[in-house]
Amino acid sequence: MELPLEDVEEFCNFADTILNLCATSAVCSSRIAAWQTLLQRQMWLRLSSSIPDDFKRQLLEGPISPDGLFGPHFQSLLGQMQTSQEELERVRRHGSLSRSSVHSSHTTGHWRDHRGQRHQQRPSTAAVAAP
């Protein structure tokens, strides 16, 4: 059973139209998924107050990846943030150690020495009231 040539062409046109609609539908679905991912990123970053603004901007501008909400770009930025935090802690420890050593050298017995000198210099209240 053979179809007439006109019917075959019409079926081919219908098939092409259906395939084009399916392709357009797939493209639209992928764009909607990308927009949803961007919205989820924005909401998550807006709620994360501990992340600096420049890192937030870099995460928002990063590529969309199937590896997660931010993909491998997030892992590299997370590593940078951890390195920065470690350096900051080292600087703080170094600063607190140097301040505590300077502070302890000034305070060890120092206030007792001044207190003893004040008591020796100040006359007693009975001696002031007597004359």
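Numbers at a glance
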{"item": "Selection count where residues are under 29 Å from S65 (Cβ atoms) and either among the aliphatic types (A, V, I, L, M) or in contact (Cβ under 8 Å) with a residue 12 or more places away in the chain (or both), scope the range 13-33", "result": "7"}
{"item": "Matching residues in the range 52-82 - criterion: being in contact with a helix residue (DSSP H, G or I) (Cβ under 9 Å, 6 or more places away or on another chain) and of a type in the set (S, T, N, Q)", "result": "Q58, S65, Q80"}
{"item": "Boolean, S76 is within 14 Å of the chain's Cα centre (by Cα), exposed (fewer than 10 other Cβ atoms within 10 Å of the Cβ), of a type in the set (G, A, S) and at pLDDT 75 or above", "result": "no"}
{"item": "From L60, L19, L39, L3, residue being in a helix (DSSP H, G or I) and at pLDDT below 85", "result": "L60"}
{"item": "The range 31-53 - residue that is surrounded by 10 or more Cβ atoms within 10 Å (Cβ to Cβ) and of a type in the set (S, T, Y) and, of those, farthest from Q82 (Cα to Cα)", "result": "T37"}
{"item": "Residue pairs meeting the criteria (Cβ under 9 Å; at least 6 apart or on separate chains; first in contact (Cβ under 8 Å) with a residue 24 or more places away in the chain and closer than 13 Å to P52 by Cβ, in the range 73-94; second surrounded by 12 or more Cβ atoms within 10 Å (Cβ to Cβ) and aliphatic (A, V, I, L, M))", "result": "M81/I51"}
{"item": "Boolean, R90 is surrounded by 10 or more Cβ atoms within 10 Å (Cβ to Cβ), more than 30 Å from M43 (Cβ to Cβ), modelled with pLDDT of 65 or more and under 35 Å from the mean Cα position of the chain (by Cα)", "result": "yes"}
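The values are calculated or read from the model by the stated rules, or taken from the named source; none is laboratory data. Quantities reported herein were computed from a predicted structural model and do not represent experimental measurements. For neighbour counting, all protein chains shown are included, and Cβ atoms are generated from backbone atoms with ideal geometry for every residue, glycine included.
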